[in-house]
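The next block holds one structure in the form of C-alpha cells; read it before the comments.
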Amino acid sequence: MGEPVLVIGLTGGIGSGKTEVTHILRELGAVVIDADRIAHLSYRPGTEVYEAIVHRFGPDILDGSGVIDRGNLGAVVFSDSGRREELEAIVWPATREWIEGRLAKEEARGTAVVVIEVSKLFEAGWDRLVNAVWTVEVLPDDIGRREIARRVQARSGLDEAETGARVAAQMTREERVERADLVIENTATLDNLREQVKTVWETIQTLPEVPQIPK
Ligand code: ATP
C-alpha cells in the first residue's frame, strides 16, 4: 500500500471556472478526475445505469441511435426536481463506485494529489469522500451574474434564463462557501485565477501529513 493520497473535491457554481482550475492544477502536477464526465460515461448503452435510466424515464430520452440524449434528459430533469433526484439516485452511486476504484489505483501508484471536479459535491454527499473541499465562486452581484451568463453563453449557448434555471437547481454560493475549506474567487482575470491556484498548490505541498478519510 502506498502513501495516502491527498484528495481534493473541487466544486462551485455553473460557469464559475472549475474546469479552468483543473487545467492549472493538472499543469502543477495533480491527477484530475472529472466526475460529471464519469457520470455521463456511466450511462453509455449496455451499462446497468443505462438500463435503469431508460426503464425509469422512457424511450423519449433516447436519440435516433438509442443513446441517451443529454439534452432530452436535461429537459426533463431541469424542470422537475423530483425527477432530477430520481436520476441522481441512479447515477451518483455508480459514479462514486468508479471514483473509489480510481482513488485506490492512484494510491497504489503513489500519486500525491487527486482533484475530483464535481459540480454537485455537497448535494451528493461527496464531501465525506475527500480530504478537503475547494469551491470556485464568482461574486454574487450584478457584475458577477452577468459574467456567469456571458461565460456560459459563450461556451454552451444557454441564454440568461436557462443559465439562471441551472443556477437555481444548485446549492447557493453562500452554502458552498460556508461548507468549503477554501474559496477560490474567480470574478477577475484568468491570470488572477492562476496566481491564486498556484498559491494554494504551494501551500498544500507543505502540509505535514494527509488526514485520513473516515470510512
Ligand atoms: P460548468 O459548471 O458549467 O462545467 P465550470 O465551472 O467548469 O463550468 P469553466 O468551464 O472553467 O467553468 O469556465 C466557463 C467558461 O468561462 C470557459 O469558457 C472559461 O474559459 C471561461 N472562464 C473561466 N474563468 C474565467 C475568467 N476568470 N475570465 C474569463 N473567462 C473565464
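Among (1) closer than 25 Å to Arg176 by Cα; (2) buried (at least 16 other Cβ atoms within 10 Å of the Cβ); (3) among the acidic types (Asp, Glu), where does Glu85 come up short?
Against the list (1) closer than 25 Å to Arg176 by Cα; (2) buried (at least 16 other Cβ atoms within 10 Å of the Cβ); (3) among the acidic types (Asp, Glu), Glu85 comes up short only on (2).
Among the numbered conditions (1) over 26 Å from Glu27 (Cα atoms); (2) modelled with pLDDT of 95 or more; (3) among the charged types (D, E, K, R); (4) within 16 Å of the ligand (Cβ to nearest atom), tell me where Glu123 comes up short.
(2)
I'm trying to understand the selection: among the residues of the stretch 126-150, which are out of contact with any strand residue (DSSP E or B) (no Cβ under 8 Å at 6 or more places or on another chain) and more than 10 Å from the ligand (Cβ to nearest atom)?
Arg128, Pro140, Asp141, Asp142, Ile143, Gly144, Arg145, Arg146, Ala149, listed by residue number.
Need the failing condition index for His55 against (1) surrounded by 14 or more Cβ atoms within 10 Å (Cβ to Cβ); (2) of a type outside the set (A, V, I, L, M); (3) at pLDDT 95 or above, just the number.
(1)
I'm checking my understanding of the structure. Among residues of the stretch 151-199 that are within 8 Å of the ligand (Cβ to nearest atom) and without any contact (Cβ under 8 Å) to a residue 40 or more places away in the chain, which one is farthest from Thr11 (Cα to Cα)?
Ala154
Can you work out which of the residues in the stretch 36-76 that are of a type in the set (Val, Ile, Thr) and closer than 19 Å to Glu162 by Cβ is farthest from the chain's Cα centre (by Cα)?
My answer is Ile61.
Can you list residue pairs whose Cβ atoms sit under 8 Å apart, with the first residue in the stretch 49-65 being touching a residue at least 12 places away in the same chain (Cβ under 8 Å) and the second being of a type in the set (Ser, Thr, Tyr)? Count only pairs 6 or more apart in sequence or on different chains.
Matching pairs, first to second residue: Val49/Ser42; Val49/Tyr43; Tyr50/Tyr43; Ile53/Tyr43.
Given the options Leu193, Leu103, name the one that is assigned to a helix (DSSP H, G or I) and closer than 19 Å to Ala35 by Cα.
When all the criteria are applied, what remains is Leu103.
Out of all the residues in the stretch 100-157, which are hydrophobic (A, V, I, L, M, F, W, C) and within 12 Å of the chain's Cα centre (by Cα)?
Of everything in the stretch 100-157, those that are hydrophobic (A, V, I, L, M, F, W, C) and within 12 Å of the chain's Cα centre (by Cα) turn out to be Val115, Ile116, Val118, Leu121, Phe122, Ala124, Trp126, Val133, Trp134, Val136.
Closer than 26 Å to Arg151 by Cβ and at pLDDT 95 or above, is that true of Gly29?
no
Restricting attention to the stretch 12-55, which residues are within 9 Å of the ligand (Cβ to nearest atom) and β-branched (Val, Ile, Thr)?
Ile14, Thr19, Val21, Thr22
The values are calculated or read from the model by the stated rules, or taken from the named source; none is laboratory data. What you are looking at is a predicted structure, and each value in this text was computed from that prediction instead of being measured. Cβ: placed from backbone, ideal geometry, glycine included. Neighbour counts: every protein chain shown.
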